[in-house]
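K.L.:
My structure is below; once you've seen it, I'll send some questions.
Read-outs: derived from the displayed coordinates by stated rules, not from any lab. Just so you know, these numbers come straight off a predicted model, no measurement behind them. When we count neighbours, we look across all protein chains shown, and the Cβ atoms used for this are built from the backbone with ideal geometry, even at glycine.
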Amino acid sequence: MSKDRERERMIGDRRLRPESLMMSYGYDPKLSEGALKSPIFQTSTFVFESAEAGKAFFEVAYGLRQPDLDEEPGLIYSRLNNPDLEILEERLALWDGAEEGAVFVSGMAAIATSLLAYARPGDVIVHSGPLYGGTDHLLRVVLSDFGIRPIGFPAGVPVAELASELREKIAGERVAAVIIETPANPTNALVDIQGIAELVKAESPDAMVMVDNTFLGPLWQQPLQHGADLVIYSATKFIGGHSDVIAGAALGSREALAPIRGLRTFLGTLAGPWSGWLLLRSLETLSLRMQAQARGAQEVAAFLVEHPQVRAIHYLGTTLEDDPMADVYYRQCRSAGSVISFDIHGGEKEAFRFLNALQLVKLAVSLGGTESLAEHPASMTHADVSREQQRSLGIGASMVRLSVGIEHPADLIADLEQALEQV
């Protein structure tokens, strides 16, 4: 980090918190006619001051030489870099305590680019399960066609119980990467990041440990502090938070991100300036929104636990008493977040009847937005996962996934109550 950037983070001897830095960090109004907010740099290319400057910019961008101390990457072309996205990457890195960040056109672009930067034919990728349906398809179908084999293990199981079988599955293979989703989508089952990282790296020291932190977001879990090399987000969710932008992000050390940034340039998976600007807007209220959503989710979960039509609830704030992963939760998480899954008595018919009766809560996939959303994982986000695999991962026909927004919790409960009466 440059000395100028470090000074921006301080008032005297006090280091400012991310909530405060989201308003101004990485942006100098003097460079943009004094504009308080960063303009949208809606341009495809940038003018060089000289041919020598252009040459120097390309040398760094293409990895032909290492940048000099405090040398900033020059602006070349918006497929490589853009002022809005550079500011965004610097601010995103603050939440997770990362050296650098890289933003992408979607969460799947972040995951795919990160995995392809490290995996080669003949490698294996170790992953937790269940995963988001798109990630599952990428590993099971797409990367398998390139000779990259997935090795899965179940979320919600202590590492000591997984160790023997997982070592046997790896059995001397080169593990290119580990992709963990914790809490798992949609079951909210936890994975011990540090335990899995240590286990896999003992067998394959070069494995890159990646954690999809979309469900809890940067406020409630910081995987880099628990043994992860990279943290990945669908920035569409809590980071964007208004259901109006698609984006993704990967954060970690400069060294870990170097091959990912390089591949992003040639795959063309960098986000656009408009998406970057929208995310800069959203970061200013990230903490406020996520705290309100978590408080609302606690009230909604307390209602669902007591409702006779709810057979089981999967929410970290209500199911820890007899959970063998409780110690992982207290060590790894700062909150249960605002995504609740629950099983209704019956099957798909009853779940659909409930979903169709909702009025305030909207029937749509995605999560982490200001509005509450509900969906049916078995037939929607995880439709591509076989029924047998769904059952083994705890995804049943009666399961509903609910993302709690910032509406008044009492109003949400009233809507859920009337919909459950329809069942």
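K.L.:
Using DSSP, restrict attention to beta bridges with both residues in region 286-422 and report what percent are antiparallel, rounded to the nearest 5.
P.N.:
The answer is about 85 percent antiparallel.
K.L.:
Compute the Kirkwood hydrodynamic radius of region 286-422, taking the inverse of the mean of 1/r over all pairs of distinct Cα atoms, and give it in Å to one decimal.
P.N.:
Numbers: mean 1/r = 0.0655 Å⁻¹.
That comes to 15.3 Å for region 286-422.
K.L.:
Could you work out [θ]222 nm for the chain from helices alone, using -39500 (n - 2.57) per DSSP H run of at least four and dividing by all its residues? Round to the nearest 500 deg cm²/dmol.
P.N.:
-11500 deg cm²/dmol
K.L.:
Now for a separate question. What are the aspartates and glutamates whose alpha-carbon lies under 17 Å from the alpha-carbon of Lys55, with same-chain residues fewer than 8 places away excluded?
P.N.:
Output for Lys55: Asp68, Glu71, Glu72.
K.L.:
Same structure, new question: For Lys362, give me every one of the lysines with a C-alpha distance below 23 angstrom, ignoring sequence neighbours fewer than eight places off in its own chain.
P.N.:
Cross-link targets: Lys237, Lys349.
K.L.:
Dipole size in debye (nearest 20) for the chain around its Cα centre, Lys and Arg Cβ +1, Asp and Glu Cβ -1? Could the numbers behind the result be given before it?
P.N.:
Details: 36 positive and 56 negative charges, 80 e Å.
The calculation lands at about 380 debye.
K.L.:
Using a Förster radius of 41 Å, what is the FRET efficiency between Lys349 and Glu165 based on their Cβ-Cβ separation? Nearest 0.05, please. Working shown, then result.
P.N.:
Values: r = 37 Å, r/R0 = 0.90.
The computed FRET efficiency comes out at 0.65.
K.L.:
Taking every Cα atom in region 191-332, find the radius of gyration and the maximum pairwise distance Dmax, and write them in Å.
P.N.:
In Å, with Rg to one decimal and Dmax whole: 17.9, 54.
K.L.:
Ok, one more. Roughly what % antiparallel, to the nearest 5, for the DSSP beta bridges in the chain?
P.N.:
Of all bridge pairs located within the chain, approximately 55 percent are antiparallel.
K.L.:
Run the quick spin-label model on Arg391 and Arg15: label points 7 Å from Cα toward the beta carbon, then report their separation in nm to one decimal.
P.N.:
Inter-label distance under the simple model: 5.1 nm.
K.L.:
With the alpha-carbon atoms as the only input, what is the per residue convex hull volume for region 109-164 in Å³?
P.N.:
Considering the Cα atoms of region 109-164, their hull volume per residue is 87 Å³.
K.L.:
Next question, about the same structure. Sorted from largest down, give the three principal axis spans of the alpha carbons of the chain, whole angstrom values.
P.N.:
71, 53, 40
K.L.:
Sticking with this structure for a sec: Counting other Cβ atoms within 10 Å, keep those with at most 13, restrict to DSSP loop, and tell me which GluC sites (Glu not before Pro) in region 28-60 are left.
P.N.:
On the way: sites: Glu33, Glu49, Glu52, Glu59; in loops: Glu33, Glu49.
Counting only loop positions with at most 13 other Cβ atoms within 10 Å, the GluC sites (Glu not before Pro) in region 28-60 are Glu33, Glu49.
K.L.:
Something else: State, to one decimal in nm, how far the label point of Gln291 lies from the label point of Gln359, with both points 7 Å from Cα in the Cβ direction.
P.N.:
Between Gln291 and Gln359, the simple spin-label model gives 3.2 nm.
K.L.:
Please grab the % of Cα pairs in region 358-418 that end up more than 19 Å from each other.
P.N.:
I get 36 percent for the Cα pairs in region 358-418 exceeding 19 Å.
K.L.:
Additional query: With +1 assigned to the C-beta of every Lys and Arg and -1 to the C-beta of every Asp and Glu, and no other charges, what is the dipole magnitude of region 286-422 about the Cα centre in debye, to the nearest 20?
P.N.:
In total the dipole reaches around 340 debye.
K.L.:
May I have the convex hull volume per residue, in Å³, for the Cα set of region 67-190?
P.N.:
Output value, Cα hull per residue: 161 Å³.
K.L.:
Two-decimal Rg/Rh of region 83-283 from alpha-carbon positions, Kirkwood Rh? Don't jump to the answer; show the numbers that get you there.
P.N.:
On the way: Rg = 15.8 Å, Rh = 16.7 Å.
Reported Rg/Rh, Kirkwood definition of Rh: 0.95.
K.L.:
Compute, for region 83-283, the length of the dipole vector about the Cα centre, with Cβ point charges of +1 (Lys, Arg) and -1 (Asp, Glu) only. Units Debye, rounded to 20.
P.N.:
320
K.L.:
Name the residue farthest towards the positive end of the dipole of region 286-422 from the options Asn356, Gln298, Ser386, assuming +1 on Cβ of Lys and Arg, -1 on Cβ of Asp and Glu, about the Cα centre.
P.N.:
Farthest along the dipole direction, towards plus: Ser386.
K.L.:
Of Ile148, Ile180, Met108, whose Cα points farthest to the positive end of the dipole of region 104-187 (charges on the beta-carbon: +1 Lys, Arg; -1 Asp, Glu; origin at the Cα centre)?
P.N.:
Ile148
K.L.:
Kindly rank 357-368, 272-283, 299-310 from highest to lowest mean number of other beta carbons found within 10 Å of each residue.
P.N.:
Going from most to least packed, we get 272-283, 357-368, 299-310.
K.L.:
Roughly speaking, what is the centre-to-centre gap between region 174-251 and region 361-423 when only Cα atoms are used, to the nearest Å?
P.N.:
22
K.L.:
Along the charge dipole of the chain, Cβ charges K/R +1 and D/E -1, which of Phe48, Ser372, Leu21 sits furthest on the positive end?
P.N.:
Phe48
K.L.:
Taking the chain as the reference, fit the longest principal axis to its C-alpha atoms, fit the long axis of helix 83-96 to the helix C-alpha atoms, and give the angle between the two in degrees, 0 to 90, nearest 10.
P.N.:
Helix 83-96 and the main axis of the chain meet at about 50 degrees.
K.L.:
Expressed as a whole percent, how much of the Cα-Cα distance distribution for region 29-84 exceeds 17 Å?
P.N.:
That fraction is 46 percent.
K.L.:
Extension gain Ala202-Ala312, at 0.36 nm per residue separation less the Cα-Cα distance, in nm?
P.N.:
Roughly 35.9 nm would be gained on extension.
K.L.:
Hey, another quick one. Taking the Cβ of Pro154 as the centre, find all other residues whose Cβ is under 13 Å away and add up their charges (Lys, Arg: +1; Asp, Glu: -1).
P.N.:
-2
K.L.:
Something else now. With a point put 7 Å past each Cα toward its Cβ, work out how far Phe58 is from Asp244 in nm, to one decimal.
P.N.:
The two pseudo-label positions are separated by 4.0 nm.
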